[in-house]
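> Attaching a single structure in structure tokens format; questions to follow.
The values are calculated or read from the model by the stated rules, or taken from the named source; none is laboratory data. Source: prediction; values computed, not measured. Just the protein is used for accessible areas: all its heavy atoms, side chains included, with ligands, DNA and RNA removed. Shrake-Rupley method; radii C 1.70, N 1.55, O 1.52, S 1.80 Å.
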Amino acid sequence: MKEHNWIKIALTPFSWVYGLITNLRNLCYDYRLFSSGRPSQFVISIGNLTVGGTGKTPVTEYLTKLFSDKIPTAILSRGYGRKTRGFLLADPASTPSGIGDEPMQYFLKFYPNVTVAVSENRFKGAENIAVSNPDKKLLLLDDAFQHRAIARDVNLLLNDFQRPFYNDLPFPAGRLRENRNGARRADAIIVTKTPALLANDVRKDITMQLQRYSRPETPVFFSFIEYGQPETYAGDPLSLKKVKMAAGIANPLPFSAHLRARFDVTDEVVFRDHHNYTSADVEELIKNLKNDTFVVTTEKDMVKLKPLVEALGVAGKFAYIPVTVSFGSDTGRFHEWIFKQTAHLFQAER
């Protein structure tokens, strides 16, 4: 047996303890021993059972694009990795270190139409948004499936196609934040990062596996990532041949596979998720870089690297690949379902 299997076996009893603790916590909320505050906005939560990398950011952006031109919308995030604390509204002076890389990405993409804020306490954050931006009727909670101190109207659970929660264990033997039965709180499950063409029998098998842990009536939708054309850090289209990959995301393997399928990848540099880049990192990335080669990053990395490369005068050596999520053949079904959940919001806007 492989060494890592022995480690997993040794850690499994600790996973049982961790799972028991999370079950007790959830029971306290279920039986109202712990209270959940209900904000004035209609709340859609996007989250997961697995630590990191299930595609929450593209799904949050998808929902923002779907709703924000129809319903005044705000996005509330914890702001993971930021160097500040408390409630902060994003503004033109905000930085990734101040509000976090993902909220910064939302702000740059949707400002001024969408309000973006960060707060460790999501309920207090929602209250503060209601005071500062009372027109916002829809609140999107980024990564809040386990944050039960705030009530939500729609609870979306994301499940990574490559790392399904039904094959995993709670921390530390696995990557789950709680036991699999937490899926019963989901109003819908979105399978993310699937192949663009997924056989019907595979879809049926995954749906059956998921519904072993969710409520029987919970719908399951399938989505996949679409990679856009390369862009400069200034947002201009760019033709690439040779690239050096740099990524500080939870799971860089799909990004690496995309680059290798389309370009001549000369090198790959992987940082930890939410890595706080420094000038030294930039200098190392461009060290010995040939004139016909670009450092190519994800959009999340670009948000943090852009101020550094501009300050060093090397922005012309960097490019990024934007990503979006597509529901493919499930698009109509998903739109019908989500618009049904939010129908009263549209009536209120008339």
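> How much of the accessible area of the chain, in percent, comes from carbon and sulfur atoms when a 1.4 Å probe is used? Before the final figure, lay out the partial values.
Numbers: 9180 of 16900 Å².
That fraction is 54 percent.
> Nearest 5 is fine: what % of DSSP beta bridges in region 49-150 come out antiparallel, could you say?
Bridges in region 49-150 are about 20 percent antiparallel.
> So what's the Cα pair-distance distribution over the chain, bin width 20 Å, in %?
28, 59, 13, 0
> What shape does region 86-162 take by its C-alpha gyration tensor, where a ≥ b ≥ c are the square roots of the eigenvalues and a/c under 1.5 counts as rounded, a/b above b/c as prolate, and the rest as oblate?
Details: a/c = 1.65, a/b = 1.21, b/c = 1.37.
Oblate, because a/c is 1.5 or more while a/b does not exceed b/c.
> List every DSSP H helix in the chain whose Cα atoms extend 30 Å or more along the helix's own long axis and whose mean Kyte-Doolittle hydropathy is at least 0.0. Write down the numbers at each step before the final one.
Details: long enough: 3-30 (39 Å, 0.08).
Within the chain the helices that satisfy the rule are 3-30.
> Put one equal scatterer on each alpha carbon of region 17-175, apply the Debye formula with no solvent term, and list log10 I(q)/I(0) at q = 0.12 1/Å to two decimals.
Calculated log10 I(q)/I(0) at the listed q: -0.53.
> Semi-axes of the equivalent ellipsoid of region 1-98: what are they in whole Å, largest first, if each equals the square root of 5 times a C-alpha gyration tensor eigenvalue? Write out the running numbers ahead of the final one.
Numbers: eigenvalues 224, 88, 49 Å².
Equivalent ellipsoid of region 1-98: 33, 21, 16 Å, largest first.
> Between 96, 237, 164, which gets the highest mean-square fluctuation from a Gaussian network model of the chain, Cα cutoff 10 Å?
Judging by the Gaussian network model, the answer is 237.
> Let me ask something else about it. May I ask you to give the solvent-accessible area per residue for the chain, in square angstrom, as obtained with a 1.4 angstrom probe?
Details: 16900 Å² over 350 residues.
For the chain, the per-residue accessible area is 48 Å².
> So what is log10(I(q)/I(0)) for region 204-289 at q = 0.18, 0.19 1/Å, when the Debye sum runs over its Cα atoms only?
Log-scaled intensity ratios, in q order: -0.92, -0.98.
> Summing -39500 (n - 2.57) over the DSSP H runs of n ≥ 4 in the chain and dividing by its residue number, what mean residue ellipticity at 222 nm do you reach, to the nearest 500 deg cm²/dmol? Intermediate values should be presented prior to the final figure.
Values: 11 runs with 125 residues, N = 350.
Helix contribution divided over all residues of the chain: -11000 deg cm²/dmol.
> If you don't mind, there's one more thing I want to ask. Please identify, among 243, 314, 191, the residue showing maximal mean-square fluctuation in a Gaussian network model of the chain using a 10 angstrom Cα cutoff.
Comparing 243, 314, 191 in the GNM, the peak value goes to 314.
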